[in-house]
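Engineer: Before we start, here is the structure in question, set down as structure tokens.
The values are calculated or read from the model by the stated rules, or taken from the named source; none is laboratory data. Source: prediction; values computed, not measured. Cβ coordinates were reconstructed from backbone atoms using ideal geometry, including for glycine residues, and neighbour counts include every protein chain displayed.
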Amino acid sequence: MRSNGASAGRSSAMHQKPIRPGTVLGKAAAYIVMGVFAFMTVYPLVWLFLNSFKTTTEFRTNMMGLPIDWTLDNYISSWRIGAFDKLIGNSILYTLGSTVGITFFSLLSGFAFAKIKSKATGFIYGSFIIGILLTIQSLMVPLFLEVTSIDRGIGNILRSLGLIGSGEFRLFHNTRFGVLIIYIGSALPVGIYMCTEYIRGIPGAIIEAAQIDGAGYFQIFRSVIVGMSKPIAMTLSILNIPILWNEFALINILVSETRLKSLPLGIYKFSGGLSSDYGKQFAALVIGMLPMLLFYIAFRRQITAGVSMGALKE
């Protein structure tokens with residue numbers, strides 16, 4: 001019995017794969033590289049947070065150390081100067097409202113382009129997709145001229161009909177509605193492309209079965225497409241929320257009134273005469289960054305699952 005046990009032990013030991021030095025070194029190198037990149041990502045955030053509690057004088061003499069006198073005066077002053085109590089509500093409205101609109105219209109258009117065949121489908125789809133090639137910077141001047149001329153034209157028509165007075169008519173320029181429409185429209189090319197390619201992978205037999213049961217297109221979209229497209233909807237939302245929250249260029253030309261601006265425009269106030277007041281500047285940056293940081297921390301699992309499921313549909 002002992003002989004059999006000993007031989008079995010030697011046999012199992014012989015069948016165990018030896019640990020290769022190259023494998024250990026490869027894992028160690030991978031962990032070192034990931035650690036370096038993690039440090040490069042986290043350290044600037046920690047540095048910014050710590051220095052936001054320093055006065056400008058202390059920052060100039062102690063840039064890398066911990067604050068000697070922790071103070072909240074920077075946050076109180078930057079909140080008041082930047083009018084963040086008014087702007088944070090606008091940022092939430094613009095971000096969430098635009099994300100919902102982008103996701104809904106992208107799914108709706110993707111369903112039409114992927115599953116409803118028509119002679120005009122290819123042309124209309126191509127017209128949307130070509131928008132991916134256009135940059136926001138190239139559209140800023142034409143967009144500003146377009147929204148102001150549309151407002152002027154509609155205002156002239158309404159005044160000629162006696163529906164409004166002689167005051168300035170605003171529908172797109174200097175309105176929250178205009179910001180939402182422009183945000184949604186500017187993100188639709190990428191959203192429609194992603195949703196169309198995803199919905200094309202949904203078996204046509206499912207849609208045909210729903211049609212046999214008497215379901216119309218909108219009912220199929222609501223009951224079948226939306227439920228099966230949750231991964232791509234999650235991915236689209238995750239991609240757009242940080243972009244919309246931090247968007248600066250478009251809203252800078254679309255609104256000029258403080259009550260309509262977003263957080264990035266409030267933070268921009270600290271780049272002028274207050275650019276040398278580092279304490280208030282750092283506090284303003286933390287205020288603008290904190291909501292997105294909390295968003296990633298709270299929904300990190302959903303973000304990871306949404307991106308992976310959106311990339312490869314089961």
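Engineer: What single numbered condition from (1) touching a helix residue (DSSP H, G or I) at 6+ places or on another chain (Cβ under 6 Å); (2) at pLDDT 85 or above; (3) surrounded by fewer than 17 Cβ atoms within 10 Å (Cβ to Cβ) fails to hold for residue 136?
Structural biologist: Going through the list (1) touching a helix residue (DSSP H, G or I) at 6+ places or on another chain (Cβ under 6 Å); (2) at pLDDT 85 or above; (3) surrounded by fewer than 17 Cβ atoms within 10 Å (Cβ to Cβ), residue 136 breaks only (2).
Engineer: Looking at the range 106-145 only, could you name the residues that are under 27 Å from the mean Cα position of the chain (by Cα), free of Cβ contacts under 8 Å to residues at least 40 places away in the same chain and over 17 Å from residue 189 (Cβ atoms)?
Structural biologist: Once the filter is applied, which keeps residues that are under 27 Å from the mean Cα position of the chain (by Cα), free of Cβ contacts under 8 Å to residues at least 40 places away in the same chain and over 17 Å from residue 189 (Cβ atoms), the range 106-145 yields 141, 145.
Engineer: Now for a separate question. For the range 227-286, give me each residue that is of a type in the set (Phe, Trp, Tyr) and surrounded by fewer than 19 Cβ atoms within 10 Å (Cβ to Cβ).
Structural biologist: Result: 248, 268.
Engineer: Further, regarding this structure: Just one of (1) modelled with pLDDT under 90; (2) of a type outside the set (A, V, I, L, M, F, W, C); (3) in a loop (DSSP other than H, G, I, E, B) trips up residue 235, so point out which.
Structural biologist: So residue 235 meets the others, but not (3).
Engineer: Could I ask something else about it? Quick one: count up the residues across the range 180-226 that are aromatic (Phe, Trp, Tyr), modelled with pLDDT under 90 and either closer than 30 Å to residue 91 by Cβ or crowded, with 18+ Cβ neighbours inside 10 Å (or both).
Structural biologist: Looking only at that region, the number is 0.
Engineer: Further question on the same structure: What number of residues in the range 40-60 are surrounded by 11 or more Cβ atoms within 10 Å (Cβ to Cβ), in a helix (DSSP H, G or I) and of a type outside the set (D, E, K, R)?
Structural biologist: So the count comes out to 8.
Engineer: May I ask you to verify whether residue 36 is closer than 23 Å to residue 290 by Cβ, in a helix (DSSP H, G or I), at pLDDT 90 or above and of a type in the set (Val, Ile, Thr)?
Structural biologist: no
Engineer: Would you check which residues across the range 66-88 are part of a loop (DSSP other than H, G, I, E, B), closer than 15 Å to residue 270 by Cα and aliphatic (A, V, I, L, M) and list them?
Structural biologist: The answer is 83, and nothing else.
Engineer: Let me ask something additional. Return a yes/no flag: does the range 88-95 have any residue that is surrounded by 14 or more Cβ atoms within 10 Å (Cβ to Cβ), touching a Phe, Trp or Tyr at 6+ places or on another chain (Cβ under 8 Å) and of a type in the set (Gly, Ala, Ser).
Structural biologist: yes
Engineer: Do the conditions hold for residue 192, that is, is it under 27 Å from the mean Cα position of the chain (by Cα), of a type in the set (A, V, I, L, M, F, W, C), under 19 Å from residue 256 (Cα atoms) and in a helix (DSSP H, G or I)?
Structural biologist: no
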